[in-house]
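The values are calculated or read from the model by the stated rules, or taken from the named source; none is laboratory data. Keep in mind the model is a prediction, meaning the values are calculated, not measured. With ideal geometry, Cβ positions are generated from the backbone for all residues, glycine too; neighbour counts draw on all protein chains shown. Each accessible area value is taken on the protein alone, full model and side chains, heavy atoms only, with ligands, DNA and RNA left out. Shrake-Rupley method; radii C 1.70, N 1.55, O 1.52, S 1.80 Å.
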Amino acid sequence: MLIGMTSEPEQQIGVGTPDAFQRLWTPHRMAYIQGQDKPSGPGAEDGCPFCSIPAKSDEDGLVVARGEHVYAVLNLYPYNGGHLMVVPYRHVADYTELDGPETAELADFTKRAMAALRAASGAHGFNIGMNQGSVAGAGIAAHLHQHLVPRWGGDTNFMPVIGHTKVLPQLLGDTRTMLADAWPAG
């Protein structure tokens, strides 16, 4: 135990109203909120993270698997542990811009991601989808990406519902290794 720390809850004094909850600080989320590393424009040369990730090592880029046309990467700001995205290498904004081989490999990687998440974490279900355009909620609308969010029975506890906070039980680097090891061969 750290010096001066106790396991007993302490009432918050100062800003805020005592509400019987301890505060869970997630300062890493400020980078997302403030738009850190968000592209400055719609082009691949405008700082698109999905264009720069493939040049990084798998560990540094949080890449789980690489294909010929797409790659699977952990979401840096996940909704749930194991939240993956399947991303085409080519900088396109809209699903209709994918060619046949890109579309086929995106579908194949989606199936393989589901298998890896089930094998590695026992996921019970998935939310899978694309937000097409900023008006539809795409955080990076200029580069298509499909989300795969694993779900488990009972994973909607009070933290996300009341506290608007996700509690992730594992570091992203450890999650990446676990899923890369479970990724099915193609």
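Within the range 60-102, the set of residues being open to solvent by less than 10 Å² (accessible area, probe 1.4 Å), among the hydrophobic types (A, V, I, L, M, F, W, C) and part of a loop (DSSP other than H, G, I, E, B) comprises VAL92 only.
For (1) among the aliphatic types (A, V, I, L, M); (2) at pLDDT below 80, each residue gets a yes or a no:
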{"residue": "GLY139", "(1), (2)": "no, no"}
{"residue": "ALA142", "(1), (2)": "yes, no"}
{"residue": "THR156", "(1), (2)": "no, yes"}
{"residue": "GLY163", "(1), (2)": "no, yes"}
{"residue": "LYS166", "(1), (2)": "no, yes"}
{"residue": "THR177", "(1), (2)": "no, no"}
{"residue": "ALA180", "(1), (2)": "yes, no"}
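Listed by first and then second residue, the pairs with beta-carbon distance under 7 Å, at least 6 apart or on different chains, first residue in the range 115-136 and surrounded by fewer than 19 Cβ atoms within 10 Å (Cβ to Cβ), second charged (D, E, K, R) and assigned to a loop (DSSP other than H, G, I, E, B), are GLN132/ASP94.
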